[in-house]
1. Can you pull the semi-axes for segment 1-74, root of five times each eigenvalue of the Cα gyration tensor, sorted largest first, whole Å?
2. For the chain, what is the calculated [θ] at 222 nm in deg cm²/dmol (nearest 500), taking -39500 (n - 2.57) for each run of four or more DSSP H residues and dividing by its residue count?
3. Note down the magnitude of the dipole of the chain about its Cα centre, charges +1 on Lys and Arg C-beta and -1 on Asp and Glu C-beta and zero elsewhere, to the nearest 20 debye.
4. Any idea how far apart ARG93 and LEU57 come out in nm if each label point goes 7 Å out from Cα toward Cβ?
5. Computing the accessible area with a 1.4 Å probe over protein heavy atoms, can you report the carbon and sulfur percentage for the chain?
Amino acid sequence: MPGVDFNRLRAEITMAQVLDLLAFEPVARSGWQWYGRCPLHEASAKRQRSFSVNLALGRYYCHRCHSHGNPIELWAAATKLPLYQAVIDLCHRLGRQVPWIERR
Ligand SMILES: [Zn+2]
């Protein structure tokens with residue numbers, strides 16, 4: 001399998017893009033810090049805010065299921081794909097090229 005340039009993806013894919021794909025709607029905001037229902041674990045309560053995400057830092061954390069990480073890790077957790085498959089899937093959904101690492 002060819003390598004994926006994870007550093008480039010981390011620099012270019014924003015938390016906002018991934019939240020958009022997950023149809024995340026915050027119930028509360030405080031600057032760049034958004035709170036809402038966790039897209040990763042079952043949560044039926046509409047106004048639940050266990051999920052906390054910082055759009056400026058590009059990090060998320062869920063106080064219930066304790067999942068945390070960057071936008072790529074959020075997508076992997078949401079799709080239950082291994083990281084490698086998740087980034088390829090994410091690139092396709094965002095309509096962008098997968099940044100393969102060229103090996104010689
Ligand atoms: Zn959760």
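1. Computed over segment 1-74, the values are 23, 14, 10 Å.
2. Calculated at 222 nm, the ellipticity per residue is -9000 deg cm²/dmol.
3. 200
4. 2.4
5. The value for the chain is 49 percent carbon and sulfur by accessible area.
The values are calculated or read from the model by the stated rules, or taken from the named source; none is laboratory data. These numbers were taken from a predicted model, which means no experiment stands behind them. When we count neighbours, we look across all protein chains shown, and the Cβ atoms used for this are built from the backbone with ideal geometry, even at glycine. Each accessible area value is taken on the protein alone, full model and side chains, heavy atoms only, with ligands, DNA and RNA left out. Shrake-Rupley method; radii C 1.70, N 1.55, O 1.52, S 1.80 Å.
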